[in-house]
Every structure is written in structure tokens, then in C-alpha cells.
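Structure, as C-alpha cells:
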Amino acid sequence: MAGQLTTYALDLVLGHGAGGLKVWVRRLPDEEFGEVELDADGRAVLLAGERFEAGLYELHFRVGDYHRSRGLVDGDAFLEDVPVRFRVADAAVDHHIPLLISLYGYSTYRGG
């Protein structure tokens with residue numbers, strides 16, 4: 001049974017899920033899966049099934065574009081792109097990577 005890679009982004013400025021936030025997904029060193037847009041609640045399944053394998057992953061959360069689209073910043077944002085790099089040892093286990101964002105900071109962890 002294969003696991004899956006999921007995410008959830010919470011916008012701490014607006015107080016709800018960061019729907020529309022785009023996330024670039026890749027497995028290092030050179031396997032690019034492309035960009036995924038989070039649903040209205042700020043959630044997405046990024047990889048599942050045979051595409052989700054053990055290895056070193058990197059997610060790039062496009063927070064600058066997200067904040068501009070919400071009218072929270074004009075021009076350059078303090079945070080443009082939030083990279084999160086992590087290792088998947090067992091792809092049979094679900095991996096959930098939440099991101100909490102504000103205009104000037106972020107936090108992430110491995111969720112359940």
C-alpha cells in the first residue's frame with residue numbers, strides 16, 4: 001500500500017486556509033512534478049500512489065504571489081518563496097507537511 005504526500009497552508013493574517021496558494025513539488029536531485037494549487041480550504045494531495053517514493057523532497061510555497069493576490073502587499077513581498085526540504089524514508093506512510101504563513105514569518109512541521 002502506497003502512502004501520499006499532502007499539505008495544508010493556514011494564512012495567519014486572514015485567519016483561514018490559504019486557498020489558491022501554489023506549491024512547486026520536486027524530488028531531489030532532478031525529478032520535478034510541477035506546481036499544485038491549493039483548494040479553497042488551503043489543502044492538496046501533492047503526490048500519491050506510485051509517484052510517491054522514498055527520497056529527498058522539496059516544496060516551494062509561492063507565498064509572495066499569494067499575498068499579492070489577496071491585496072496584502074504591493075510589489076515585493078518580504079517572503080517570496082518558502083522552501084521546505086525533507087526526507088521520506090518510507091513511502092508507504094502518509095506524509096503531511098502543513099505550513100503556517102504570515103507576512104513576515106512561517107512555521108512548518110510534519111503533521112499526522
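No value in this document is a laboratory result; all are computed from the given coordinates. Since the model is a prediction, treat every value here as computed from it, not as a measurement. Note: ideal-geometry Cβ built from the backbone for every residue, glycine included; neighbour counts use all protein chains shown.
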Here the residues within segment 57-83 that are under 24 Å from Phe33 (Cα atoms) and among the hydrophobic types (A, V, I, L, M, F, W, C) are Leu59, Phe61, Val63, Leu79, Val82
I'd like to check which strands (runs of 3 or more DSSP E) are fully inside segment 34-112 and have at least 2 residues that are crowded, with 17+ Cβ neighbours inside 10 Å and not β-branched (Val, Ile, Thr). 43-48, 55-61, 95-101
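Within segment 18-31, is even one residue touching a helix residue (DSSP H, G or I) at 6+ places or on another chain (Cβ under 7 Å) and not in a loop (DSSP other than H, G, I, E, B)? I'd like the intermediate steps shown before the answer.
Within segment 18-31, the subset touching a helix residue (DSSP H, G or I) at 6+ places or on another chain (Cβ under 7 Å) is 18, 20-22.
Remaining after also requiring not in a loop (DSSP other than H, G, I, E, B): 22.
Taking every residue of segment 18-31 in turn, at least one turns out to be touching a helix residue (DSSP H, G or I) at 6+ places or on another chain (Cβ under 7 Å) and not in a loop (DSSP other than H, G, I, E, B).
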Can you spot a residue in segment 43-62 that is over 21 Å from Gly112 (Cα atoms) and either of a type in the set (Gly, Ala, Ser) or touching a residue at least 40 places away in the same chain (Cβ under 8 Å) (or both)? yes
